[in-house]
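Here's the structure we're looking at; comments come further down.
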Amino acid sequence: MSKIIVTEFVSLDGVAQDPHKWSLPFWNDKTEKFKYDEMAATGAMLLGRKTYEVFAAAWPSRTGNFADRFNRLPKLVASRTLKTVAWSPSKLLAEPIADSVAQVKNSVEGAIYIHGKSGTFTRTVETRVDRRISSSDLPRRPRRRTAAVRRKAESRT
């Protein structure tokens, strides 16, 4: 049975939004090795609609060992609004999503990674997520924090 693992980039001050806009300058050999090892352990990706749409727009045209592997992996897409998924190999999961995820866990060899996350999507599968936290050393994001992150930080003081 596959494990489901959430992987995301989070700055030390809690920002996870749009990592493609801020995390790349902080990549180093350690980060690259971590992501390559993570990709080697991946049997499938479990994506919500927004992440699927962002990835499907960006990854198919990329090449290289990492991109080739990323593009070949099965993409399991949880969406109530998408009717089709074109980025191959992709599969729309049937409702209820949590039940579909439970079934898929038995058929995938390797870990199932959730790249990025949204509250609704993660809550849908959270009872099926194997608790594991992996982190990379990313400093504070040099841009302004979102209102939600500011409110959370202010509530702690």
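What follows draws every value from the coordinates through simple rules; no lab data is involved. Bear in mind that the values here come from a model prediction, so they are computed numbers and not experimental data. Virtual Cβ from ideal backbone geometry, glycine too; neighbours counted across all protein chains shown.
Say R0 is 35 Å: what FRET efficiency, to the nearest 0.05, do D99 and H20 get from their beta-carbon distance?
After rounding to 0.05, the efficiency reads 0.65.
So how far apart, in nm, are the two label points at K50 and D13 if each is 7 Å from Cα heading toward Cβ?
2.0
Starting from the Cα-Cα distance between K35 and R62, subtract it from 0.36 nm times their residue separation and give me the gain in nm to one decimal.
Residue separation times 0.36 nm, minus the Cα-Cα distance, leaves 8.1 nm.
Could you line up E95, E109 from fewest to most neighbouring Cβ atoms inside 10 Å?
If I rank by nearby Cβ atoms, fewest first, I get E109, E95.
Which whole-Hz couplings ³J(HN,Hα) result when phi for each residue of segment 78-88 is put into the Karplus expression 6.51 cos²θ - 1.76 cosθ + 1.60, θ = phi - 60°, listed in order with x for Gly and Pro?
9, 7, 9, 10, 5, 9, 9, 10, 9, 6, 8
Can you sort M1, M39, M45 so the residue with the fewest Cβ neighbours within 10 Å comes first?
Going from least to most buried by this count: M1, M39, M45.
Quick one: net charge around Y52, please, counting Lys, Arg +1 and Asp, Glu -1 for every other residue with C-beta under 12 Å from its C-beta.
Once positives and negatives cancel, what remains is +3.
With a 10 Å Cβ neighbour count serving as the proxy for reagent exposure, in which order, fewest first, do H115, H20 appear?
H20, H115
With the Cα gyration tensor of segment 1-79 giving a ≥ b ≥ c as the square roots of its eigenvalues, does the rule (a/c under 1.5 for rounded; else a/b larger than b/c for prolate; else oblate) give rounded, prolate or oblate?
rounded
Quote the FRET efficiency, to the nearest 0.05, computed for S88 versus E109 with a Förster distance R0 of 25 Å and r equal to the Cβ-Cβ distance.
Working from the Cβ atoms, E equals 0.85.
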